[in-house]
Amino acid sequence: MVGIAPFQASLLDAAAAVELGSLGAAVRRQPLSPGAWVDVRRRWVDGADALFERLRTEVPWRAEQRPMYDRVVAVPRLLAWYGEGAPLPDPALGAARRALDEHYAAELGEPLATAGLCLYRDGRDSVAWHGDRIGRGARVDTMVAIVVLGSPRPLLLRPRGGGPAARFDLGHGDLLVMGGSCQRTWDHAVPKTARPGGPRISVQFRPRDVR
């Protein structure tokens, strides 16, 4: 298993207490294509680096392997999954999900039900191009809300089938929400990088039957 790179906390986020900022007007929506959009709220989590450290040490991270062509390969990140009704590993994540449910209630029409966590240990960890199209995400509009803690890394989005990519450098408590037809019509990825950088945790909140 790859060791975890050293983490350099942000000087702007030295507080030990974890608090959420407002959503509302602080959220910036960027249309991607007709029907697909992303919302970005920078530094939504105040005290994000303290939360990062808690999750890094307290979450029961697991390494997975997956078949690829004629061999089995290691998934290049560590994972944790909290299904519908499962207690989340930190009260701050419960508060974040409740705030997102309140803010997006009218658009989404249902609560966010699950939480998937990924720990990117260093620049060698990544996730390939994909959309969250297991379940209803392949057929209907939905939302996936991502809270990013730790060192910034780029998250890329491009039209399904290829095309110019949009780049969002996310870390230290940033929030990105993919909505509308984004999962059906766009793919996203966190590419590998040779640039020096510390570890990163992403928390993905999804509605029921979206993965």
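Which one of these is closer than 27 Å to A95 by Cα, buried (at least 20 other Cβ atoms within 10 Å of the Cβ) and of a type in the set (G, A, S): G131, G137, G116?
Going through G131, G137, G116 in turn, the sole match is G137.
If you scan the stretch 29-68, which residues turn out to be in contact (Cβ under 8 Å) with a residue 12 or more places away in the chain and in a strand (DSSP E or B)?
Q30, L32, S33, A36, W37, V38, D39, V40, R41, V45, D46, R62
Within the stretch 108-129, which residues are assigned to a loop (DSSP other than H, G, I, E, B) and under 18 Å from A74 (Cα atoms)?
R121, D122, G123, R124, D125, S126
Filter the strands (runs of 3 or more DSSP E) completely within the stretch 169-211 down to those with at least 3 residues that are in contact with a His (Cβ under 8 Å, 6 or more places away or on another chain).
Once the strands (runs of 3 or more DSSP E) in the stretch 169-211 are filtered for at least 3 residues that are in contact with a His (Cβ under 8 Å, 6 or more places away or on another chain), what remains is 186-190.
Say we look at the stretch 174-211 and pick out the residues that are of a type in the set (K, R) and crowded, with 21+ Cβ neighbours inside 10 Å; which of these is nearest to E107 (Cα to Cα)?
R206
Which numbered condition trips up A106, out of (1) under 24 Å from Y82 (Cβ atoms); (2) of a type in the set (G, A, S); (3) free of Cβ contacts under 8 Å to residues at least 24 places away in the same chain?
Unmet for A106, out of (1) under 24 Å from Y82 (Cβ atoms); (2) of a type in the set (G, A, S); (3) free of Cβ contacts under 8 Å to residues at least 24 places away in the same chain: (1).
Just give me the residues in the stretch 140-152 being surrounded by 16 or more Cβ atoms within 10 Å (Cβ to Cβ) and out of contact with any Asp or Glu (no Cβ under 7 Å at 6 or more places or on another chain), in sequence order.
Within the stretch 140-152, D141, T142, M143, A145, I146, V147, L149, G150, S151 qualify.
Kindly check whether there is at least one residue in the stretch 102-115 that is within 13 Å of the chain's Cα centre (by Cα) and within 20 Å of G21 (Cβ to Cβ).
Yes, the stretch 102-115 contains a residue that is within 13 Å of the chain's Cα centre (by Cα) and within 20 Å of G21 (Cβ to Cβ).
Quick check: anything in the stretch 62-79 at pLDDT 95 or above and of a type in the set (S, T, N, Q)?
For the stretch 62-79, residues at pLDDT 95 or above and of a type in the set (S, T, N, Q): absent.
For R71, which of the numbered conditions (1) in contact (Cβ under 8 Å) with a residue 40 or more places away in the chain; (2) farther than 18 Å from Q204 by Cβ; (3) among the basic types (K, R) fails to hold?
(1)
Across the stretch 69-102, what is the total count of residues that are over 23 Å from A189 (Cβ atoms) and either in a loop (DSSP other than H, G, I, E, B) or in contact with a helix residue (DSSP H, G or I) (Cβ under 7 Å, 6 or more places away or on another chain) (or both)?
So the answer is 10.
Tally time: how many residues in the stretch 155-181 are in contact with a Phe, Trp or Tyr (Cβ under 7 Å, 6 or more places away or on another chain) and on the phi < 0 side of the Ramachandran plot?
Of the residues in the stretch 155-181, 9 are in contact with a Phe, Trp or Tyr (Cβ under 7 Å, 6 or more places away or on another chain) and on the phi < 0 side of the Ramachandran plot.
So for the stretch 163-170 (the condition being at pLDDT below 95, crowded, with 16+ Cβ neighbours inside 10 Å and out of contact with any helix residue (DSSP H, G or I) (no Cβ under 6 Å at 6 or more places or on another chain)), does at least one residue qualify?
no
The values are calculated or read from the model by the stated rules, or taken from the named source; none is laboratory data. What you see is a predicted model; the values in this text were computed from it and never measured. Please note: Cβ atoms are built from the backbone with ideal geometry, for glycine as well, and neighbour counts cover all protein chains shown.
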